[in-house]
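Every number in this text was worked out from the coordinates using simple rules, so none of it is lab data. Values in this document were obtained by computation on a predicted structure and should not be read as measured data. In this analysis, Cβ positions are derived from the backbone assuming ideal geometry, glycine residues included, and neighbour counts consider all displayed protein chains.
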Amino acid sequence: MRIADGTTVQPHTVRLMFTIVITTYNRLPLLKRAIARSLEQTIGCEVLVVDDGSSDGTQAYCEALAEESVHFRYHRNPSNQGHAKSVNIGVELAQGTWIKLLDDDDYLALNCIEQLEAAITCHLDAVICSVQAAQVTEDEAELSVTKPVGNAQLCALPQPEIHYGMLLEQVPFGTPVQVAFERDAFLKTGGWDSQFDTNFDDIDSWVKIAEHGDALFLNQCLAYRTVWPGAYNYRFSLRDRLLAHKKIKHAIYDRIAPVHQRDIPSRKTVKQYLQLHWGLVALKQKRILGAIALLIAAMGSISAWRLFFRCRRPPAGLLQWQVITPA
C-alpha cells in the first residue's frame, strides 16, 4: 500500500486472530442469524456467544452448535448481569488478539473480518478500527448507510488527534457493529462501565481505548445494524441520553492532547451545545415540551451555536488524517 506522500507500505505478514463476541439475551431467532453470518466469514475466526441468562432455548441451541463447530464457543452467565458486564466477560474469555463486537440483532458482511484484518496489518499502531454500517429493517431492507470518515477508503488518525476530533464530532466510531478493537488495549481500560449500560457504554469504551494507540477508519459497508422497536437504546428518554452524553464529553475533554488545548471550547459551551443538540432531536421527534425544556437553557448562547455549526462544518485541515491507498 502507498501513503498519500508517496511512501510505499508493505502489509505486515503477522497473522491477526479475531474473536467475534456476540452478547445475547432472549433473542434466539435473531441470534441464529448473527451466528451464521459470523461462522461464514471468508477467513477463519473464533465466534464466542455470551448468553446473559436467556430462557428461550438459546442455551440448548448454542451448546449443540459448540459440539459441531471448532470455531464456536458458548458461555452462559449464571445470572442476568447486563450488557456491559457481558461484553467484559466475552472479551476476557476471547482467544483473539482483536475483538469484533456484535449485538445479537445485528450481523456482519461475510468479508468483514477479512477486510478488517487487511486494514489493520497495514497500520499496526492502531488499537481501534471502525467501518461503515447499513441500517436495515427487521426484514433486512436497507434504510441508510453511515457516512464515510476521512477522504479515502482507509484512513488512519494518530492518537493525539482522536479525542480532539471526538469532541468536535469529527471522529464517529459508531455503534458496536461498526467497531473492532485490540483486546489488550480494551483490558487496560477496565472494560465497559455498567453505569452506562446500553446508553453510551460503547462510546465511553472507544474514548478509553483510543488512549492507547491510533484509530483506523475503513470506508466500506461491512456491517448491518437492525433498526427496530426491540433495540435496547429505545428504553432511554432523551434526557437520559443527554445526561450520559454530557458524561462522555467530559471524559473526552479530559483527554484532549496538549497540542489542541488552546483550540477547544469551554466546558460550559460544550454543555450548552449538547442541550441544543438533544433539544433539536426532541423537536424533530415532535416532542415539543421536551424540546422546550432542553433548549431553553442554551438557545441564547452564541458560543454554543458557533460550536453547533462548527461540528457540522469543520474547517479544512482540522485533523491530521493519514491516507492509505492500495499500491
Largest first and to the nearest Å, give the Cα extent of the stretch 42-169 along each principal axis. 47, 34, 31
If you look at just the Cα atoms of the stretch 27-69, how large are its Rg and its Dmax in Å? 10.6, 32
Over all distinct alpha-carbon pairs, what is the Kirkwood Rh of the stretch 236-313 in angstrom? 13.0 Å
Taking DSSP loops as anything outside H, G, I, E and B, show the longest stretch in the chain free of trypsin sites (Lys or Arg not before Pro) there with at most 10 other beta carbons within 10 Å. 16-285
Greater than 21 Å apart at Cα, pairs in K100/K188; K147/K271; K208/K247; K247/K268; K85/K208; K208/K249: K147/K271
Can you give the log10 of the normalised intensity I(q)/I(0) at q = 0.11, 0.15 Å⁻¹, computed with Debye over equal Cα scatterers of the stretch 107-256? -0.42, -0.81
Cα lying deepest toward the dipole's positive end in the stretch 62-201, options A126, A64, H83, charges on Cβ: A126
What whole-number distance in Å separates the alpha-carbon centres of the stretch 60-95 and the stretch 297-313? 45 Å
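For the chain, what does the equivalent ellipsoid look like in terms of its semi-axes, each the square root of 5 times an eigenvalue of the Cα gyration tensor, given largest first in whole Å?
Values: eigenvalues 206, 139, 58 Å².
Sorted largest first and rounded, they come to 32, 26, 17 Å.
Relative contact order of the chain, please, whole-number percent, based on alpha carbon pairs below 8 angstrom and at least 6 residues apart. Present the calculation step by step, with values, prior to reporting the outcome.
Numbers: 620 pairs, mean separation 68.7, N = 327.
Worked out over the chain, it gives 21 percent.
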